[in-house]
Amino acid sequence: LTACGGGDDSGDGGGDGLVVGFAQVGAESAWRTANSASVQSAAEADERIAELKFVDAQQDQEKQIEAVRNFITQQVDVIVLAPVVETGWTDVLQEAADAGIPVVLADRGIEAADEDLYVTRLGSDFTEEGRKAGTWAAETFAADTDGTRILELQGTTGSAPANDRKAGFFEVLDAEGLDYEIVDSQSGNFTAEEGKAVMETFITTHGLEGVDLLYAHNDEMGLGAIQAIEEAGFTPGTDIQIIIVDGSKAGFQAGVDGKLNYIVECNPVFGEQLMDVVVQVADGETVEKFTPVEEGAFDATQFEAELPNRQF
Ligand code: AHR
């Protein structure tokens with residue numbers, strides 16, 4: 001495969017194997033740590049992969065762009081990018097294309113205008129995750145006659161999961177005709193610390209009386225918010241119902257403890273699948289533009305039974 005630059009052209013385990021550059025988002029959540037571990041251990045165990053060059057971009061797009069540029073200079077065979085945000089990739093992805101290095105998106109997506117600049121994306125259907133959260137909320141609050149008052153803790157501003165989880169959630173509430181009001185909606189940047197701080201501000205600004213639901217776009221922000229709610233003297237899961245997305249052990253434990261009410265799963269353990277995609281792409285095989293990973297959703301009746309199955 002001439003398009004690949006250096007390394008083994010066959011991509012099938014012959015010769016030296018593939019050199020892969022992976023520009024990871026950061027280490028902001030248990031989900032992310034599990035994702036990095038899954039990708040790194042899959043690469044190590046896979047004899048078709050000679051080397052995985054791993055860069056933790058600390059949630060900084062500039063650092064990710066720099067990492068991709070270094071991968072281009074090093075003439076890796078395939079670049080894997082988990083883009084922190086959806087926009088701003090045109091130039092660097094064009095540089096990769098000009099160098100003949102295929103790009104695979106892992107986890108997060110980028111804006112549709114740039115879709116010719118990567119081969120494929122493997123990751124979650126974030127809109128569908130939002131719809132699952134919205135379906136549970138629409139059912140749970142269907143009989144709420146005075147309107148459902150909602151707080152939203154969004155993920156990193158401009159990131160695909162923040163944009164899509166929001167869109168999918170409110171799409172369903174609108175389609176179901178739920179009478180709701182967004183009391184406030186701010187980014188907690190997918191971290192526990194910022195989720196807690198934003199929740200404290202929500203409580204100071206609006207109080208919690210009459211607020212029905214907190215929709216947190218990931219576990220960390222939800223868990224941080226739970227702390228803030230408890231410190232303010234309220235009972236999370238009862239005084240305010242809570243939805244989180246990811247499904248870490250800590251998230252499920254909070255569910256078992258009655259502190260939250262619904263968990264939408266986001267699955268980070270796709271390292272082996274990713275290696276297969278990388279090899280297919282290096283071999284020039286035709287692959288789907290998007291391959292979603294399998295995910296479920298869990299209510300309070302399922303938390304205890306599911307907790308031992310959680311992998312991160
Ligand atoms: O892109 C996936 C999201 O990123 C996960 O939901 C979140 O925990 C992580 O930071």
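Every number here is computed from the coordinates shown, using simple stated rules; none is lab data. Just so you know, these numbers come straight off a predicted model, no measurement behind them. We place every Cβ from the backbone using ideal geometry, glycine too, and count neighbours over all the protein chains shown.
Structure data summary
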| item | result |
| --- | --- |
| Hits among lysines - C-alpha to C-alpha of Lys166 under 18 Å, sequence gap 8 or more where chains match | Lys132 |
| Nonlocal amide H pairs with Thr148, under 5 Å, H built at 1.01 Å | Asp179, Tyr180, Glu181 |
| Sites Gln58 and Asp179 - FRET efficiency at Förster radius 45 Å, r taken between beta-carbons, to 0.05 | 0.60 |
| Under the Debye formula (equal points on every Cα, no solvent term), log10 I(q)/I(0) of segment 145-199 at q = 0.16, 0.17, 0.19, 0.29 Å⁻¹ | -0.53, -0.58, -0.70, -1.12 |
| Net length gained if the chain between Glu306 and Thr87 were fully extended (0.36 nm per residue, minus Cα distance) | 75.2 nm |
| Computed P(r) (all Cα pairs; segment 9-165; 5 Å bins; percent) | 2, 8, 16, 19, 17, 13, 9, 6, 4, 3, 2, 1, 0, 0 |
| Among beta bridges that DSSP assigns inside the chain, antiparallel share in %, nearest 5 | 5 |
| Charge dipole of the chain about the Cα centre (unit charges at C-beta), most positive-ward option of Gln24, Ser124, Gln273 | Gln24 |
| Mean projection area, nm², convex hull over Cα of segment 131-251 | 6.7 |
| Rule-of-thumb Rg ratio for segment 68-153 [Cα; 2.2 N^0.38 Å; N residues] | 1.59 |
| Amide H contacts of Ile49 (H built 1.01 Å from N, under 5 Å, at least 5 apart or other chain) | Leu18 |
| log₁₀ of I(q)/I(0) at q = 0.06, 0.13, 0.15 Å⁻¹ - the chain, Debye sum with one point per alpha carbon | -0.22, -0.88, -1.09 |
| Karplus-derived 3J(HN,Hα), 6.51/-1.76/1.60, for each residue of segment 116-128, Hz, glycine and proline x | 6, 8, 9, 7, 7, 10, 10, x, 7, 8, 5, 5, 5 |
| Acute angle (nearest 10 degrees) that the helix 30-45 long axis makes with the longest principal axis of the chain, alpha-carbon atoms | 20 |
| Footprinting exposure proxy for Ile110, Ile244, Ile150 (fewest neighbouring C-beta atoms within 10 Å first) | Ile110, Ile150, Ile244 |
| For Ser124, Ser248, order by how many other beta-carbon atoms lie within 10 Å, fewest first | Ser248, Ser124 |
| Acute angle (nearest 10 degrees) that the helix 271-282 long axis makes with the longest principal axis of the chain, alpha-carbon atoms | 40 |
| Neighbour net charge for Asn189 - beta-carbon separation under 10 angstrom, K R +1, D E -1 | -4 |
| Formal net charge of residues neighbouring Glu129 (Cβ-Cβ distance under 10 Å; K, R +1; D, E -1) | -3 |
| Efficiency of FRET between Ala37 and Glu209 - r from beta-carbon atoms, R0 45 angstrom, step 0.05 | 0.60 |
| Under Karplus coefficients 6.51, -1.76 and 1.60, residue-wise ³J(HN,Hα) of segment 147-154 in Hz, glycine/proline x | x, 9, 9, 10, 9, 10, 9, 7 |
| Peptides 132-142, 209-219 ordered by average Cβ neighbours within 10 Å, highest first | 209-219, 132-142 |
| Helical contribution to [θ] at 222 nm, DSSP H n ≥ 4, -39,500 (n - 2.57), averaged over the chain, rounded to 500 | -12000 deg cm²/dmol |
